[in-house]
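The values are calculated or read from the model by the stated rules, or taken from the named source; none is laboratory data. Just so we're clear, the structure is a prediction, and the values are computed from it rather than from any experiment. Here the Cβ is made from the backbone with ideal geometry for all residues, glycine too, and neighbour counts use every protein chain on show.
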Amino acid sequence: SDALVAAMPYNSNKKLEHGHDNAVLPPDGITVKPDSAALTASTHTEQDGTTKTGAAARPGSNPANGPLDRVRVDASEQPLTTNQGVPVADNQNSLKAGLRGPTLLEDFILREKITHFDHERIPERVVHARGSAAHGYFEAYKALTRYTRAAPFAEKGKRTPVFVRFSTVAGERGSKDTARDVRGFAVKFYTDEGNWDLVGNNMPVFFIQDAMKFPDLVHAVKPEPHHGMPQAASAHDTFWDFVSLMPESTHMLMWLMSDRAIPRSYRMMQGFGVHTFRLVNQQGEAVFCKFHWKPLLGTHSLVWDEAVKISGADPDFHRRDLWEAIESGEFPEWELAVQIFTEEQAEGFSFDVLDSTKLIPEELVPLTPVGRMVLNRNPDNFFAETEQVAFCTAHIIPGIDFSNDPLLAGRIHSYVDTQISRLGGPNFHEIPINSPLAQVQNNQRDGMHRQAINRGRVAYEPNSLAGGCPFQAGSAGFISFPEAVREDKVRGKPEKFAEHYAQATLFYNSQTAIEKAHIAAAFRFELSKVEVPAIRQRMLSSLVNVSQELAAEVATGLGMTLPQAMPKAIAEPPPPQVTESPALSLKALPGECGIRTRQIAVLIDNGVHYPSLLSLYKALTDAGAVMHFVGPRVGTFVSSSNEQILANKSMENSPSVLFDALILPDGNDAVQTLAGCMDTTDFINNQFRHGKAILAVGAGRQLLKMVGIDADSTKANGILLADSSKVEEIASTFIKAVAAHRHPSRDAKPATT
Ligand code: HDD
C-alpha cells in the first residue's frame, strides 16, 4: 500500500539500476510506490536541464560527454569476457583435475583474474590522499582580455569544462572526511589551449615559505613513523614540535585552528590559489593576481564535537554530501574572483607577495568577480577519474604565468614528478581524465603504458621529412613573461619574509567572538594531546606574539602559566596597512540563505500525528530540504490515523550529527515510545548542543522537556514550538531557523566570551 517516504536523492543522469525501485525517484514531495510507467517518466537525461534546479549542462560542456565516451564501458546485456575479449563460460569454479583434485596451472582465466586483482591498488597520494571529485564547467562573466589571453577568459559566457577534486591533506586514502585539516581545492580546466590546473586549498595561506621545508612539514604532520599514529590528525607532538620551531607557520595555524578546518560541506567552503600568479595579455603585459573561489551556498562549518562524532557515524560525510547534491540536481557553484595588482603596488605592501604565508587583505586589493563554476556531474568511476586525475601546478596555459614565490617553484617540480611514481610512468597525461581536449602533438615517444600511436618515421625536430612538423607555434604559443633578473645566486629570504605575526593577529582580530572562542578551544585541544610539556610551552610563547588574550585563554585551558613571548626574527617589523579585515570571518559569506539540500530529521514511531507531519513535509521539501524519517528502527510505521510512513533511517544507523535540523512531531503514542528509548535522548541533546534548529510539535514538546531543554527560555535560539493545527504558520519561521545554519549562543562548550 501507499506509504509516505522521505525524499531521497536520485540520479537523473543514469539509467534505472536493477532492484532499486524507489531509490531513483525524484524528491517531488510525497512519493508513492510507482508503477513502472511512472518510473520511466521520472528518469531524465543530463541534457534535460529543466528537470534540475541548477543551470543545465550544455551538451559537450563536460569532457566526459565527448572524449571520455571512447573509454566508457557499459556491460548491460553483455556476456562476461577475459581481458582478451574471450567469453567466459563459468565464473564460479577454477579448472581442476577432478572435482576434488588440484587446481590446474593451465587455468588462464583464474590466473588472469587473480593477477589483475593483485595489482588493483596504486600508491596513494603522498599528501591529499583522500578526496572526492566532480565534473562541471567554468563560465566567464565577461572578457578579461585586458589582463590575460588565457582561453577561459576570452569572451563573455564562454564555458570551459572542469574537473575538480576536493581533499583532506594529512589522512590516508581511507581516513575520515571531518578531520581538522586543510582542504584541497584543485581545479583542472580543459581549455582550448591545453590544460590549466589551479591547485589550491580552502585557506589562502600556507605553513611554509620555501618548498625546501615541504617534506619536513609533511613528515611532521603525518602519523608518527615509529607507531603510525595518529591517523588524519595534527594533534600530536611531531606536528606541534615542528610548527612551534617554525614561526612562519603561525598565520596558517590560526586558519587551521579556526572553523575553516572543519567545513560543513565541500560545497560550503572557499578556495584559494594561494600564490601570487601573473596574468599576461596578448601584448605581453603582465599584472600580478591571486585567485579566490567563493561558494554560492556561503561558508559554513561544523563544531568540533560534531566533527568528531560524524567521523564515527559517517566517515564519508563530505564525499556523500557532494555526491548526493549533484545526483539530485543541486549543482554546487562557486564564483571565481581575482585580486589584480601591479608589481609597483606590491612593493608598497608591508609584506612580500612572494611569501605564501601572507594574504593580500581585500582592503588593499579588492576582489573582481570574473566567472562562475558549476559542478553538474559525478564521475562514473572513482578510480578511473578521481583517483587517477593528476593535478600539476606546472600545467599552465598562455595568459597565466608564475611569480617567483619559492614555494610555487618547488611545486612546479613536485607534482609532475610525483605522478610518475603514483601513476606508473611519464604517460600519465594519456589517462583519459588527464588528457587535454586540445590536440597533443610533439616528438615525445614511448615509455610505460603508451597509448598514442604516433604515425610516420619522424620523431625529431628540425626535420625535413615531415615538412618541419610539428612546428613551433611562435607568438601563438606559451611565452614565459620576460622578467628581468640580475641577482647573486644565494640561499636566503628577502627581509619582509622575516615578519611572522602581523597577519596571524590580523586574522584573529577579524573573527567574531564565537570564532575566537573556537580558535582558542582548538589550540587547547590540540596542545592537550601533545605529550612533551616543552612543546606546549614553546607554542604558547609564540601565540603571545599573536594575541595576549588568545595565548592566556589557551594557557588557562592547559593549566599553564603564560610564558614570555618568543623572540621575533625581526626587531622592528614594518607597520601593517590593515589591522582588521571583516572578509576573513566565516560570517562574511552567508551565501544564499535558503535550506536547499539541508538534511532534516523527523523522529517517528507508531502513532505519530499525520496531517501536521504531511504539511511540514510539503513545506520543507518545497523549500528544497531533504527530509529523513528516523525511527527507532528502519521500515514502516503507522500514524494515529492509520497512514503508513516509511523510515529510511534509524537512530542507530544515523545519529543526529548527520542532520542540520530536527523535528519532534506530534502524536501521544509515538512520543511515549520514543521517550522510552535512550537513543532519543542522545539524538535531541546533540542537536541542541550543536546549535541546530529544532521544531517540537504538539506532544513532541514533551521530548524536549524530557531531556531538560527549557524551550521557553531558548525560543529565540532556533528552538520552535507549535501546535499541530499551527504548523503551516510556523513552517516559514522554522525554515529561517534552519537557514541560519546554527544558533551558536547554545554552543555551551567552549563557553562564549
Ligand atoms: Fe601540494 C597534492 C595543494 C604545497 C607537493 N597539493 C596537492 C593537492 C592539493 C595541493 C589540492 C591534491 C591535488 C589532487 O586533488 O590530486 N599544495 C597545495 C597547496 C600548496 C601546496 C595549496 C601551497 C600553497 N604541495 C605543496 C608543496 C609541495 C607539494 C610546497 C612540494 C614541494 N602536493 C604535492 C605533491 C602532491 C600534492 C606531493 C601529492 C599528490 C599529488 O601532488 O598529485 O606533489
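Of the listed requirements (1) under 17 Å from residue 277 (Cβ atoms); (2) of a type outside the set (Phe, Trp, Tyr); (3) more than 16 Å from the ligand (Cβ to nearest atom), residue 361 misses just one: (1).
Over 30 Å from residue 224 (Cα atoms), without any contact (Cβ under 8 Å) to a residue 60 or more places away in the chain and either more than 16 Å from the ligand (Cβ to nearest atom) or surrounded by fewer than 24 Cβ atoms within 10 Å (Cβ to Cβ) (or both): is that true of residue 107 in this structure?
Spelling it out, residue 107 is indeed over 30 Å from residue 224 (Cα atoms), without any contact (Cβ under 8 Å) to a residue 60 or more places away in the chain and either more than 16 Å from the ligand (Cβ to nearest atom) or surrounded by fewer than 24 Cβ atoms within 10 Å (Cβ to Cβ) (or both).
Among the criteria (1) small (Gly, Ala, Ser); (2) crowded, with 16+ Cβ neighbours inside 10 Å; (3) within 19 Å of residue 195 (Cα to Cα), the one residue 452 does not fulfil is (2). Counting only residues that are more than 30 Å from residue 640 (Cα to Cα), small (Gly, Ala, Ser) and not in a loop (DSSP other than H, G, I, E, B), region 579-622 holds 2 of them. For residue 432, the conditions (1) surrounded by fewer than 17 Cβ atoms within 10 Å (Cβ to Cβ); (2) touching a Pro at 6+ places or on another chain (Cβ under 8 Å); (3) at pLDDT below 95; (4) of a type outside the set (S, T, N, Q) are fulfilled apart from (1). Among (1) within 20 Å of the chain's Cα centre (by Cα); (2) surrounded by fewer than 24 Cβ atoms within 10 Å (Cβ to Cβ), there is one condition residue 195 misses while meeting the rest; what is its number? Just one mismatch for residue 195, condition (1). Can you say whether residue 276 is in the same structural domain as residue 171 (by TED's automatic domain parsing), surrounded by 23 or more Cβ atoms within 10 Å (Cβ to Cβ) and more than 16 Å from the ligand (Cβ to nearest atom), as far as the supplied structure shows? No. Of all positions in region 133-143, at least one carries a residue that is within 10 Å of the ligand (Cβ to nearest atom) and either small (Gly, Ala, Ser) or free of Cβ contacts under 8 Å to residues at least 40 places away in the same chain (or both).
Considering 459, 502, the condition of being modelled with pLDDT of 95 or more, among the small types (Gly, Ala, Ser) and either within 30 Å of residue 550 (Cβ to Cβ) or touching a helix residue (DSSP H, G or I) at 6+ places or on another chain (Cβ under 6 Å) (or both) is satisfied by 502 alone. Here residue 438 fulfils each of the conditions (1) at pLDDT 95 or above; (2) assigned to a loop (DSSP other than H, G, I, E, B) apart from (1). Within region 676-722, if we keep just the residues that are in a loop (DSSP other than H, G, I, E, B) and in contact (Cβ under 8 Å) with a residue 40 or more places away in the chain, the residue that is farthest from the chain's Cα centre (by Cα) turns out to be 677.
With respect to residue 337, determine if the residue is touching a residue at least 40 places away in the same chain (Cβ under 8 Å), within 29 Å of residue 248 (Cβ to Cβ) and not in a loop (DSSP other than H, G, I, E, B). In short, yes. Of all the listed residues (235, 220), the sole one being touching a Phe, Trp or Tyr at 6+ places or on another chain (Cβ under 7 Å), surrounded by fewer than 17 Cβ atoms within 10 Å (Cβ to Cβ) and of a type in the set (Gly, Ala, Ser) is 235. Can you find even one residue in region 535-543 that is more than 26 Å from the chain's Cα centre (by Cα), at pLDDT 95 or above, closer than 30 Å to residue 299 by Cα and not in a helix (DSSP H, G or I)? Checked region 535-543: no residue is more than 26 Å from the chain's Cα centre (by Cα), at pLDDT 95 or above, closer than 30 Å to residue 299 by Cα and not in a helix (DSSP H, G or I).
Of all residues in region 354-371, those that are under 18 Å from residue 584 (Cα atoms) and not in a strand (DSSP E or B) total 12. Residues that are near the ligand (Cβ under 8 Å from one of its atoms) and either in a helix (DSSP H, G or I) or at pLDDT below 95 (or both) within region 372-416 comprise 407, 408, 410, 411, 413, 414, 415, listed in sequence order.
Annotation: of all residues in region 209-234 being part of a loop (DSSP other than H, G, I, E, B) and under 15 Å from residue 169 (Cα atoms), the one that is farthest from the ligand (Cβ to nearest atom) is 230.
When residues in region 184-202 are screened for being more than 8 Å from the ligand (Cβ to nearest atom), in contact with a strand residue (DSSP E or B) (Cβ under 9 Å, 6 or more places away or on another chain) and not acidic (Asp, Glu), 9 of them pass.
For residues in region 471-506 being surrounded by 15 or more Cβ atoms within 10 Å (Cβ to Cβ), within 28 Å of residue 400 (Cβ to Cβ) and not basic (Lys, Arg), which is farthest from the chain's Cα centre (by Cα)? Among them, the one singled out is 497. Whenever a residue of region 59-76 is part of a loop (DSSP other than H, G, I, E, B), its partners that are modelled with pLDDT under 50 and surrounded by fewer than 17 Cβ atoms within 10 Å (Cβ to Cβ), lying with C-beta atoms within less than 7 angstrom and at least six residues away or across chains, give the pairs 59/47; 66/60. Looking only at residues in region 261-273 that are in a loop (DSSP other than H, G, I, E, B) and under 20 Å from residue 368 (Cα atoms), the one that is nearest to the ligand (Cβ to nearest atom) is 273.
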